[in-house]
Structure formats: C-alpha cells, structure tokens
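A.B. asks: This is the structure I have questions about; it appears just below.
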Amino acid sequence: MAAQDTATLRRELAELDDRRKAMEAEMEGISEALRASNMGGVAGALVDRDGFPRADVDVHATRTLRHRLACLNTDHKALMQQLEAKLHA
C-alpha cells in the first residue's frame with residue numbers, strides 16, 4: 001500500500017472515529033436525560049394501567065428523546081460497520 005493511500009486511510013479512520021465518539025457522547029447524554037425524575041426512562045411505560053398518559057412523566061419529551069436515541073443506535077451500527085470495513089481494507 002502506498003504511503004499516500006495509508007495516510008488517506010488513517011485520515012478516513014480518524015474522521016469515522018471522531019463521528020463515533022460524538023455519536024456515543026450524544027447517546028450517553030440522551031440516556032442520562034431519560035433517567036431524570038420527570039422522564040419515562042429508556043424503556044419505561046408512558047401510560048398508566050388504564051391507558052392514560054402518566055401525569056408524572058413528560059411524555060412528549062420522553063418520546064422525542066427515545067426516538068433520537070433509536071435513530072442514533074441505528075446510525076451507530078452503520079458507522080461501526082463502516083469502521084470495520086475500513087480496518088479490514
């Protein structure tokens with residue numbers, strides 16, 4: 001492998017790793033926010049046993065954060081596959 005190819009590969013890997021770290025930091029921040037007392041957690045119920053929204057939970061904010069976390073998990077999985085492909089190239 002030529003020196004230029006190696007340098008390019010290292011730069012691409014570094015960029016992907018920076019994206020991975022930023023994504024993981026955002027995911028951790030969202031998880032922490034969901035653990036707050038007025039949030040429903042990452043997987044807790046948002047409705048009571050009668051099917052009504054829980055009064056002690058900000059349902060809209062919880063659903064919004066859960067959605068963002070799910071999107072980030074999917075993006076993280078794809079990014080990790082890209083990193084793996086670059087490492088094995």
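Every number here is computed from the coordinates shown, using simple stated rules; none is lab data. The structure displayed is predicted, hence computed values, not measured ones. Cβ coordinates were reconstructed from backbone atoms using ideal geometry, including for glycine residues, and neighbour counts include every protein chain displayed.
A.B. asks: I need two numbers for the range 42-89: Rg to one decimal and Dmax as a whole number, Cα atoms only, in Å.
C.D. replies: Looking at the range 42-89, its Cα Rg and Dmax stand at 17.0, 55 Å.
A.B. asks: How much FRET efficiency would the formula 1/(1 + (r/R0)^6) give for Leu83 and Arg49, where r is the Cβ-Cβ distance and R0 is 35 Å, rounded to 0.05? Kindly include the intermediate steps, with their values, before the conclusion.
C.D. replies: Values: r = 44 Å, r/R0 = 1.26.
For R0 = 35 Å, the calculated efficiency reads 0.20.
A.B. asks: Output wanted: per-residue J couplings in Hz (rounded whole) for the range 47-62, from phi through Karplus 6.51 cos²θ - 1.76 cosθ + 1.60, θ = phi - 60°, x for Gly and Pro.
C.D. replies: Couplings: 10, 7, 5, 8, x, 8, x, 5, 6, 8, 10, 7, 4, 4, 5, 5 Hz.
A.B. asks: Could I ask something else about it? What does the extension gain come out to for Arg20 and Val59, with contour length at 0.36 nm per residue minus their alpha carbon separation?
C.D. replies: Once the chain is fully extended between Arg20 and Val59, it gains 11.2 nm.
A.B. asks: Here's a follow-up. As I understand it, the dipole of the chain uses +1 on the Cβ of Lys and Arg and -1 on the Cβ of Asp and Glu, about the Cα centre. Which of Ala45, Ser31, Ala3 lies farthest toward its positive end?
C.D. replies: Checked the options; the winner is Ala45.
A.B. asks: Here's a follow-up. Mean projection of the alpha-carbon convex hull of the chain over all orientations, in nm²?
C.D. replies: For the Cα atoms of the chain, the hull's average projected area reads 6.5 nm².
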